[in-house]
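Below is one structure, written out as structure tokens; the observations come after it.
The values are calculated or read from the model by the stated rules, or taken from the named source; none is laboratory data. Because the structure is a prediction, the values reported are computed rather than measured. Here the Cβ positions follow ideal geometry from the backbone for every residue, glycine too, while neighbour counts run over all protein chains shown. Ligands, DNA and RNA are excluded from the accessible area calculation, which covers all protein heavy atoms including side chains. Shrake-Rupley method; radii C 1.70, N 1.55, O 1.52, S 1.80 Å.
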Amino acid sequence: MLDTPETVTELFEDVAYIADDGLATAVFLAVQLGKPLLLEGAPGVGKTEAAKAVADILGRQLIRLQCYEGIDAQHALYEWNYQRQLLAIRQAGEGEVDIYDDRFLIARPLLRSLQAPEDTVLLIDEIDRSDHEFEALLLEYLSDFQISIPERGTITAASRPIVILTSNRTRELAEALRRRCIYHWIAYPDPSLEAAIIMLRAGNVAERTARAVANAVGAIRTRPLAKPPGISEAVEWANAATVLEKGGSPWPEAFRRAIGVLIKDEEDLATMAPELDAIVEEAMA
């Protein structure tokens, strides 16, 4: 199905995702070579959406593992249903019961992807939020697409699953994990590409508005902000400003009044307040 990187680009557009040549090539190689794909970039550049788009174009279910500090094997790999095991032991009485039978095994995202590798795409989201111990836990899975269950032995996928990891680079990932993956950095798009994304993802937004938003957001990201706005915030800003403009707010007042959907930090709002009108006016010129 994915014969070339160009095919990936075309299929992405069909599911309302615009990918540059670099991302399309990385996705193509990850699928063809059967290797995990590591996507890094600032928050809001479309890493998670890219994984969703891959699942959509392949017609597969997306299994999402959201990482966080302290995540462990029970949440990522599997766990035993202890209550059902105890109940089975009581019901068996003097008889024997295999408490490590499949019916007592609760499959978590990694195991689920091994059980149905041709029907799923596994997203390990924000891997940088986890700790180094969890990264080490993933190495067996990422290198051999298998996990070891002490009571059951090794479970290996019948075919290589498609696995996508994302990272906001809040910390450096282990080299051992990086070596197992195809890597791609997703940067903020240039204004012309971001305008195209806004037109594709937003509602009834005029092209002039989309271009103005893209230019303004690009300028805003150059400021020393704690939380620079992502692409999704730019889309929301374009939608919100359009709604306000249709309600009677003139430009650039509509942009100013909608700024809360773009910048979501009190100090950042204070930083941008004196410059916002000038930035928007220049962007609309």
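Take Ala92 and tell me if it is free of Cβ contacts under 8 Å to residues at least 60 places away in the same chain and open to solvent by less than 50 Å² (accessible area, probe 1.4 Å).
For Ala92, the condition - free of Cβ contacts under 8 Å to residues at least 60 places away in the same chain and open to solvent by less than 50 Å² (accessible area, probe 1.4 Å) - is met.
Identify the single condition in (1) modelled with pLDDT of 90 or more; (2) surrounded by 14 or more Cβ atoms within 10 Å (Cβ to Cβ); (3) closer than 21 Å to Asp190 by Cα that Ala240 does not satisfy, given that it satisfies every other one.
(3)
Hey, among Ile106, Ile57, which residue is outside any helix (DSSP H, G or I), out of contact with any His (no Cβ under 8 Å at 6 or more places or on another chain) and modelled with pLDDT of 90 or more?
Just one listed residue meets the conditions, Ile106.
Quick check on Lys246: is it more than 26 Å from the chain's Cα centre (by Cα) and of a type in the set (D, E, K, R)?
Against the criterion (more than 26 Å from the chain's Cα centre (by Cα) and of a type in the set (D, E, K, R)), Lys246 qualifies.
From the list Ala278, Ala226, exactly one residue is out of contact with any Ser or Thr (no Cβ under 6 Å at 6 or more places or on another chain), surrounded by fewer than 19 Cβ atoms within 10 Å (Cβ to Cβ) and part of a helix (DSSP H, G or I). Which is it?
From the options Ala278, Ala226, the qualifying one is Ala278.
Could you grab me the full set of residues in the range 156-168 that are open to solvent by less than 40 Å² (accessible area, probe 1.4 Å), among the hydrophobic types (A, V, I, L, M, F, W, C) and more than 18 Å from the chain's Cα centre (by Cα)?
Listed by number, the list holds a single entry, Ala157.
Of the conditions (1) farther than 22 Å from Val15 by Cα; (2) open to solvent by less than 30 Å² (accessible area, probe 1.4 Å), Ala234 clears all except one; give me its number.
The number of the failed condition is (1).
When you scan the range 150-204, how many residues do you find that are free of Cβ contacts under 8 Å to residues at least 24 places away in the same chain and not small (Gly, Ala, Ser)?
Final tally of qualifying residues: 6.
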